[in-house]
Amino acid sequence: LAELKVKESDRLAATAAGLHANGVKATVEGDTLIVHGTGKVAGGGTVATHLDHRIAMAFLTMGLASEKPVTVDDTAMIATSFPEFRGLMERLGAGYR
C-alpha cells in the first residue's frame with residue numbers, strides 16, 4: 001500500500017479519513033490500513049477527495065450500502081477517467097445532488 005501515499009493524493013490517509021467521517025474505525029500504521037469492520041456503515045459524512053477520482057468513486061460506491069448518504073466534496077474529475085460512472089451508479093440507485 002506504500003504507493004498509495006504518492007499518487008494524486010495520499011490515498012491511504014484520504015481513505016482512512018473518509019472511513020472515519022462515515023463512522024468506520026480505521027487507522028493507518030506505516031503502509032497499512034487497518035479497518036475495524038462492524039458489518040455496517042453509518043454514512044452521513046463528507047469525504048475530501050483531494051481531486052482524486054478513485055477516492056470519489058470509492059466513497060460514492062460505499063454510499064450505496066451505508067445507512068445515511070455519503071457526500072463527496074467533488075465529482076467533476078470522475079467524468080474524465082470514467083464517464084459512464086454516474087449513469088451506472090444511478091442505475092444502482094444512487095442519488096446525486
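No lab work stands behind these numbers, since they all come straight from the coordinates. Bear in mind that the values here come from a model prediction, so they are computed numbers and not experimental data. Positions of Cβ are backbone-derived with ideal geometry, glycine not excepted, and every protein chain shown enters the neighbour counts.
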Taking ARG91, ARG97 and counting other C-beta atoms within 10 Å, the order from fewest to most: ARG97, ARG91
Within 10 Å of each candidate Cβ there may be at most 11 other Cβ atoms; applying that plus a DSSP loop requirement, which chymotrypsin sites (Phe, Trp or Tyr not before Pro) in the chain survive? TYR96
Hey, fewest Cβ within 10 Å first, where do ASP74, ASP52 land in order? ASP74, ASP52
The set of residues whose placed amide H lies less than 5 Å from the amide H of VAL47, leaving out same-chain residues fewer than 5 positions away, is THR71, VAL72, ASP73
Any chance you could list the semi-axes, whole Å, largest first, of the equivalent ellipsoid that the Cα gyration tensor gives for the chain, using √(5λ)? 21, 18, 10
